[in-house]
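Beneath this line is the structure, given in structure tokens, with notes to follow.
The values are calculated or read from the model by the stated rules, or taken from the named source; none is laboratory data. Fair warning: this is a prediction, and the values are worked out from it, not measured in the lab. Cβ placement follows ideal geometry from the backbone for every residue including glycine, while neighbour counts extend to all protein chains displayed.
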Amino acid sequence: MKRSMYLAAVVMLVFSSTGLRAQAPKTESFVGTIKALSGSSVTVERGTISGIFTVDSKTHVSAKGSTAKTKEAQAAGKPGLTIADAFHVGDQVQVKYQESGNKMVATDIALVASIAGK
């Protein structure tokens, strides 16, 4: 009897503790064409849908030559590559983002097709 009560208590503890854990933010993806860039955001449009994504120093930039450009900027005493250094209006990008409050925060922006290649 004590053994079954002990087992029941352990099972209840396990199930109750899993509900207390904070869930990791879900990462979503959006592919479209850059319509506007600033130091703190990028606006991407796909058809009639637009997304305004917040960018910060944690946003990872994936574009051809971005690693070399980042090293050059750091050698010049700058913190690194900015969104405006890597992308231009008209570039097609994939933005991976997480919702934080009422903002969509970009975690990764990758170049899909550049206007320079057109």
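Laid out as a table, the results:
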quantity: In the stretch 81-118, residue modelled with the lowest pLDDT [restricted to those that are part of a helix (DSSP H, G or I) and crowded, with 16+ Cβ neighbours inside 10 Å]; calculated: D85
quantity: Members of the stretch 50-66 found to be of a type in the set (A, V, I, L, M, F, W, C) and at pLDDT below 95, listed by number; calculated: V55, V61, A63
quantity: Where a residue in the stretch 55-76 is within 17 Å of A106 (Cβ to Cβ) and its partner, wherever it lies, is of a type in the set (S, T, N, Q) and exposed (fewer than 12 other Cβ atoms within 10 Å of the Cβ), with Cβ under 7 Å and at least six apart; calculated: V55/S40
quantity: The stretch 24-80, subset basic (K, R) and over 24 Å from N102 (Cβ atoms), residue surrounded by the most Cβ atoms within 10 Å (Cβ to Cβ); calculated: K69
